[in-house]
Each structure stands twice: as C-alpha cells, then as structure tokens.
1. From the list 273, 302, 256, which one is in contact (Cβ under 8 Å) with a residue 40 or more places away in the chain, at negative phi and part of a loop (DSSP other than H, G, I, E, B)?
2. Being buried (at least 18 other Cβ atoms within 10 Å of the Cβ) and within 18 Å of residue 156 (Cα to Cα) is the filter here; which residues of the range 245-263 pass it?
3. Looking at (1) touching a helix residue (DSSP H, G or I) at 6+ places or on another chain (Cβ under 7 Å); (2) crowded, with 17+ Cβ neighbours inside 10 Å, which is the one condition that is false for residue 100?
4. Taking into account only those residues within the range 330-374 that are surrounded by fewer than 14 Cβ atoms within 10 Å (Cβ to Cβ) and modelled with pLDDT of 95 or more, which is farthest from residue 75 (Cα to Cα)?
5. Please work out which residue is nearest to residue 356 (Cα to Cα), limiting yourself to the range 118-131 and to residues that are out of contact with any strand residue (DSSP E or B) (no Cβ under 9 Å at 6 or more places or on another chain) and surrounded by fewer than 23 Cβ atoms within 10 Å (Cβ to Cβ).
6. Can you tell which of 329, 321 is touching a strand residue (DSSP E or B) at 6+ places or on another chain (Cβ under 9 Å), within 16 Å of residue 139 (Cα to Cα) and in contact (Cβ under 8 Å) with a residue 60 or more places away in the chain?
7. Could you tell me which residue of the range 132-156 is surrounded by the fewest Cβ atoms within 10 Å (Cβ to Cβ), considering only residues that are part of a loop (DSSP other than H, G, I, E, B) and in contact with a helix residue (DSSP H, G or I) (Cβ under 8 Å, 6 or more places away or on another chain)?
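The values are calculated or read from the model by the stated rules, or taken from the named source; none is laboratory data. Given the structure is predicted, the values throughout are model-derived calculations rather than measurements. Neighbour counts are summed over all protein chains in view; Cβ atoms, including those assigned to glycine, are modelled from backbone coordinates with ideal geometry.
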C-alpha cells in the first residue's frame with residue numbers, strides 16, 4: 001500500500017486552478033504530488049516546483065522532458081498519473097503524450113480544443129489502456145449524487161423539463177480582460193471556438209445530463225459577445241431537446257454583473273420536481289403538486305449509497321467545492337489502485353466523468369456555436385466535428 005503519485009502540467013505561479021487541483025487531490029491522503037512542469041516559461045516552471053517543496057530533479061522545464069524522464073524512473077519512484085491544468089489548446093497534446101508514455105491522465109475541462117481532438121483522444125485511451133478522468137467538478141457534490149439516484153429511482157416520474165443556468169459577472173467590462181485568467185479564455189488560439197460556453201456552459205450541460213440521466217439530442221442556440229473587440233461569446237441561451245422527449249433551457253453568462261458562480265439546476269417531472277443551487281450546495285429542494293415541499297440536507301436522514309460514499313463530515317458541517325473536487329480525485333485514485341489488482345471490480349463501480357463525457361462536452365460546444373451561426377432553428381446534436 002502506498003500513495004498514488006501525481007505529476008502536474010501547468011498550474012504554476014499566478015495560476016488559479018492548479019492550486020485547487022493540488023488541494024483536492026491531496027485532501028484524502030490518497031495522492032501526493034511528486035513532480036511537475038508548471039509553466040511554459042522554463043524559469044517559472046522550476047521556481048513553481050521549488051515553491052511546492054519538490055526536489056529540483058523533479059521540477060521539469062517542460063512536459064515533454066517530464067514524461068520522458070519520469071518513464072525512465074523505477075516503478076517505486078515515477079509518477080502514476082498527470083493532472084493537466086493548462087489552457088485548452090494544450091490538453092490533447094499533453095494527454096496523448098502522457099498516455100503513450102504509460103501515465104494515466106486527469107484533465108481539466110473542456111477535454112480538448114475541439115471535437116476532432118476529443119475523438120482522437122478516445123482512440124489513444126483505447127490503444128494505450130490508460131485511465132482518463134475529467135474534472136466536471138459539480139458532479140462530485142454528495143447532494144447532486146442523491147438527486148441523480150432519486151431521479152433514476154423514478155421519484156420525480158417522467159422528466160418533462162430541465163432548466164440549468166450558470167451565470168458569472170467577472171467578464172462584464174473591458175477592463176476585466178486584464179487578468180491572466182481572462183486573457184487566455186478570450187483568445188481563440190488558446191480557448192478554442194468559445195469562451196462562455198466552453199468555460200461554463202459545458203459544465204451546465206454536463207450537470208443536466210448527469211443528474212437527469214438523459215442526453216441532449218437537439219438544440220437551438222443564441223450566443224453573443226457584449227464587449228467591443230471580443231471575438232468569442234460571453235453570454236448565451238440554448239433551447240434543448242432530450243432523447244426522451246423532455247425539453248430544456250440552458251443559460252450561461254459571464255457578463256451578469258454581481259453574480260459569482262451562480263450555477264442552478266431545476267428538473268421537473270410528472271410527479272415532483274427538484275431544485276439545487278451551487279451557492280447552497282448542501283441543500284436539495286423536492287417540490288410536489290399536492291403536498292409541502294421537502295428540504296433535504298446533507299447528512300440528515302437516509303441517503304443513497306452513492307451519496308453516502310461522497311460525504312465526509314457530520315450534518316451542519318458544510319462540504320463545498322473543494323470536497324466535490326476531491327471526490328473526483330478520490331474515485332480516480334481508486335480506479336488506479338484497481339489496475340494493480342487482477343480481476344478487480346472497482347473499475348466498474350466508479351461514478352466520475354471520463355472520455356465519454358469529454359466527447360459529449362466538446363460536441364456540445366461545437367453544436368452550440370454552429371447552431372448559433374445558422375438561420376434555421378433546431379439542429380440535431382452531432383457527435384461528429386462541425387468545424
């Protein structure tokens with residue numbers, strides 16, 4: 001028994017999400033950071049590694065040399081997987097090289113810069129046999145897993161409508177573009193064909209599909225850019241049709257002044273509906289037509305096995321974003337351990353985003369951008385490249 005050894009590409013000094021990944025990965029004492037190539041700038045990459053108390057020999061100037069040199073180390077020393085926390089345009093190249101050198105991959109979303117790369121990545125996963133995980137973080141909340149289970153059990157009846165919205169205000173004005181985080185998200189060369197839908201809209205789509213158990217099969221989209229000089233979208237509304245016949249609305253915005261990470265989900269069935277907000281992540285409201293609504297709180301009463309497996313603290317001790325993030329890493333660590341045990345069933349018992357979600361996410365982004373550019377209203381949701 002030992003800890004799972006993690007390397008990291010990106011996430012160095014001045015980065016936001018790299019630190020979140022490191023905290024989440026190490027929260028359950030299952031994973032330890034052993035090496036990294038933390039920046040495209042060789043000097044900053046080395047300095048970032050040293051600031052994390054890594055030995056100089058494991059602070060690499062670039063990800064290519066990291067994979068090559070780590071692969072030469074003995075099994076008792078080299079990393080087991082790499083966390084990719086770079087801008088979108090590097091995700092595919094880094095993931096492909098990692099898996100081809102024998103390392104599992106945990107990637108920030110979206111999985112790649114475009115759908116063509118995501119489909120190619122699926123081939124790499126199959127040919128190498130390596131594990132691939134994707135940090136659609138909001139699926140890690142215990143109460144979200146409880147909502148998923150209740151819908152699967154039929155407690156809402158047939159699903160009729162899904163409304164999901166994700167609003168932020170951090171890109172509302174021209175001066176908001178000065179930060180490092182804004183600069184690459186608004187640059188098509190680094191972000192891809194979308195800013196808002198690629199950054200947060202894809203989270204909303206994933207959450208709607210995950211909780212409902214339904215898949216989008218048609219959509220109608222209206223995307224816009226609301227600041228002079230911006231090329232990519234910063235706001236959008238998407239009408240959805242699901243394969244079951246349910247209808248839905250997805251709204252995503254980065255120009256909603258005053259909003260933080262205001263992610264909300266409402267799912268309406270024939271018998272009941274549910275409502276959840278990321279700003280109150282430990283609560284789930286179930287509403288009925290002929291009786292009072294229920295407020296379900298994490299840790300109070302009985303829960304599904306899936307939800308219980310992702311709870312850490314007693315009732316009244318809030319579990320938030322970091323814990324949800326950590327749940328994904330903990331499940332990934334369990335999957336890696338399963339590969340060490342012949343005939344293990346643990347690989348089939350995990351509930352976390354992987355290559356399927358990676359492809360559907362990239363397909364969502366491309367389908368939404370394509371649909372928004374067309375005069376016709378409804379478009380079939382395609383899993384083939386549109387650009």
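1. Sole residue among the options that is in contact (Cβ under 8 Å) with a residue 40 or more places away in the chain, at negative phi and part of a loop (DSSP other than H, G, I, E, B): 256.
2. Correct list: 246, 248.
3. The single condition residue 100 does not satisfy is (2).
4. Restricting to residues being surrounded by fewer than 14 Cβ atoms within 10 Å (Cβ to Cβ) and modelled with pLDDT of 95 or more, the top hit is 374.
5. 119
6. Working: 321 fails: touching a strand residue (DSSP E or B) at 6+ places or on another chain (Cβ under 9 Å).
Checking each option against the conditions leaves just 329.
7. Going through the qualifying residues, I end up with 156.
Yes/no per residue for (1) under 25 Å from residue 183 (Cβ atoms); (2) in contact (Cβ under 8 Å) with a residue 12 or more places away in the chain; (3) outside any helix (DSSP H, G or I); (4) within 26 Å of the chain's Cα centre (by Cα):
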{"site": "7", "(1), (2), (3), (4)": "no, yes, yes, yes"}
{"site": "32", "(1), (2), (3), (4)": "no, yes, yes, yes"}
{"site": "40", "(1), (2), (3), (4)": "yes, yes, yes, yes"}
{"site": "47", "(1), (2), (3), (4)": "yes, yes, no, no"}
{"site": "92", "(1), (2), (3), (4)": "yes, yes, no, yes"}
